[in-house]
Structures are given as structure tokens and as C-alpha cells.
2 protein chains.
Amino acid sequence: MPNVIDDEHAGYDPPARLRRLPTWLTAEVARQGRRLVNASLAQDGALRQHFTVLTSLAEQGPASQAELGRRLSIDRSDLHALLADLEGNGLVARARDERDRRRNVVTLTRPGRTALARLDKRIDAAQDALLAPLTASERQELGRLLQKILHAS
Amino acid sequence: MPNVIDDEHAGYDPPARLRRLPTWLTAEVARQGRRLVNASLAQDGALRQHFTVLTSLAEQGPASQAELGRRLSIDRSDLHALLADLEGNGLVARARDERDRRRNVVTLTRPGRTALARLDKRIDAAQDALLAPLTASERQELGRLLQKILHAS
DNA sequence: GACAGAACGTTGGCTTTACCAACGTTGGAA
DNA sequence: TTCCAACGTTGGTAAAGCCAACGTTCTGTC
């Protein structure tokens, strides 16, 4: 007869040692965030990395595949598959760079821009769901701390 | 002639839209932490989840496989493989619970305890590496915020 | 100008983590 | 006793991350 609340996370009780570990905490929060984002984006049949690529193209402009990979820290081979998906859906165009024919210049199409606008809303909803327990200033502080870690790497 | 420093992360420059997203930030920091932890644990041929399981057994005591899975939010089937690894290395023992013969009671062995002590040091080193850019109070605050998110889920 | 090495896109493979579905066994409740 | 739940187990899928190798194209150097 467990006296825990009857919910899907019944019994969840990680040891204190783990709950004190920053790498464990970030991994666990990231997992939760990923679940929320995946559920949101799945409504449009998109993956998290599709959103990442589209966002980079929209904000930072066209780029070769290799440059895109460096900007986002995504492996060339993984990016290849992602771009194939996006190109297949007409959200992105790949064209050989005539000034350097090794390169494929990736461009956001008009449908791509439209799709991204839709995904943007999905993503924002997921952020709110994840950060619901935090106040506005706590959210800001969390962002600052995480950025500080990333920036110094 | 790029004027960037010659390092392995050359060109890393994610769009501001992503750098503002909590789910993206936590995922990125978690990825970095995972790399550090994996590199540390690999020296002992262990996986992150091996450490998780051993830690739970050490701190929270023996448990059935199902209960272990609920505590750590690890799927039964994934846990099965992890326990097979650990049992194969003699770090863990599985014994049928005679009071409920559906259950396998998992116990930490003496070699398991020894191995965990080794892994503990590896893990702590990885924490320091990840949090290097933060002050002591910032580390504490980050932990608090992440725990608040997890606890309320 | 020829040559060696680097960068590029591409293909293929492997690992970890995360889920889900189904089976036979065992226990508990109606 | 019967039905359902829980358990361990097996098998499968998918996302993500990472690495090695190939042929093509550029670039720097001799």
C-alpha cells in the first residue's frame, strides 16, 4: 500500500548523491526538456535538430553544410541526413557554390520560413512547460548560468 | 586566414534564438557534461548508467529490478541489460525474492562497493571540469534551480 | 605548372540513451 | 477459481552522437 500519489512518476526517488551532481541534474532536466520539445515538434512531424538547422539559417543566413555543422556543433554526416529531410520537404535548398565547387550552399526557402514560424510557437510552449516551477528572475538566472558554462568551454 | 583561435571548437556560433532557449541550453550543457563523464568513466570501462545504478544501491539499499527502475526512471528493459553488465563483472548480485518469486533482488557486492568508490572520484572530477567557469555560490544556485524544476515535475 | 595536403559532401558503421510491445511466470483480489 | 496486475525478459525502433573512409575540389608550395 504505497502512500504515494497515483501518477506516472510513482516511485521516482533518485539518491541524494545523484541529486547533488550537476552533470546528473542537467542531464535529467535536459531529458525532461527533450520530452516536451519532442512532443511539441512531433505535432508538425519535425525533429529537434530540424528546428536547430532552420533557426540557424533564418538568423545567420545561408551557409555551406560544413559551416553549418561547425556553427551548431553537429557532425557533417548527421547534418547530411537532416538536410536531406528538410530538402525533401522543400524547407531548404541545396545549391553548389560556383566559387568553391566543393561547397553546398544551404538556403532557407519560403515554405521553410513558414514552417519555422510554426515550430517557433511549439518551442516556446515547451519552454514555458519546462520552466513553470521557476519565477521570472529565476528563469533569467538559470539562463545566465548555463550560458556562462557554455561560453567558457 | 581566420582569426579564430586554433582549437577543436572553431566556428561554434549557435544563433541567439537558441542561446536563449532553456531547453537548448540545458541540452547543450548536458551534452558537455556527458562528454566529460563518459571520458572519466571510460577509464574504468563503465557507463553513466552503471554509476547511477551502483549509487542507488549503495545509498538506498537493495531493490527489485522494477523498483530500481522506478527510483531512477530507467526502463525495465534497459535496466535488464545494465544489470547483466554489472552482474557479469561481479559488481552486483541478483537473487530471486523468496517472499515474492516474481522479483529479483539486486544487491551491491563488495567488489561493487570498491568499484563505486573509484567511479565516485572520476565523477567528482568531471563535475569540477564542467563547473569550472562558475563561482561557488553560482554552482549552488544552479543546483537549486535545476532541482526545483525536477522536483515540481 | 605539378604535387601534396586540406576541405568538402557523402556513405556507412557503431554506441548510448530512450521508449514501447509482447511473452511466460507469479502474486493478489474478487 | 478466475482475472488482472506486476515482474523479469526478449526484441525492436528511433534519436543523437561520434568516427572512419572515399572521391571530388581547392590551395599552398616547390
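Values in this text are rule-based calculations from the coordinates and carry no lab data. Just so we're clear, the structure is a prediction, and the values are computed from it rather than from any experiment. Neighbour counts are summed over all protein chains in view; Cβ atoms, including those assigned to glycine, are modelled from backbone coordinates with ideal geometry.
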About its Cα centre, chain A carries a charge dipole, from +1 on Lys and Arg Cβ atoms and -1 on Asp and Glu Cβ atoms, whose size in debye to the nearest 20 is 640
Within the set of other residues whose C-beta is less than 13 Å from the C-beta of residue B:148, count the net charge using Lys and Arg as +1 and Asp and Glu as -1.
-1
Equivalent ellipsoid semi-axes - Cα gyration tensor, segment B:57-126, angstrom
22, 14, 11
Summing -39500 (n - 2.57) over the DSSP H runs of n ≥ 4 in the protein assembly as shown and dividing by its residue number, what mean residue ellipticity at 222 nm do you reach, to the nearest 500 deg cm²/dmol?
-20500 deg cm²/dmol
In order over segment B:15-21: 3J(HN,Hα) from phi, Karplus 6.51/-1.76/1.60, θ = phi - 60°, whole Hz, x for each Gly or Pro, gives x, 4, 4, 6, 5, 9, 8
What would the Debye formula give as log10 I(q)/I(0) at q = 0.15, 0.19 Å⁻¹ for the alpha-carbon point model of chain B, no solvent?
-0.95, -1.26
Calculate I(q)/I(0) for the protein assembly as shown by the Debye formula, one identical point scatterer on each C-alpha and no solvent, and give its log10 at q = 0.08, 0.09, 0.16 Å⁻¹ to two decimals.
-0.44, -0.55, -1.32
First check a/c for segment A:1-83, with a ≥ b ≥ c the square roots of the eigenvalues of its C-alpha gyration tensor; if it is under 1.5, answer rounded, and if not, answer prolate when a/b is larger than b/c or oblate otherwise.
prolate
Could you point to the residue in B:27, A:137, A:68 farthest towards the positive end of the protein assembly as shown's charge dipole, with +1 and -1 charges on the Cβ of Lys/Arg and Asp/Glu respectively?
A:68
Using Cα-Cα distances under 8 Å and only pairs 6 or more residues apart, what relative contact order does chain B have, in percent?
22
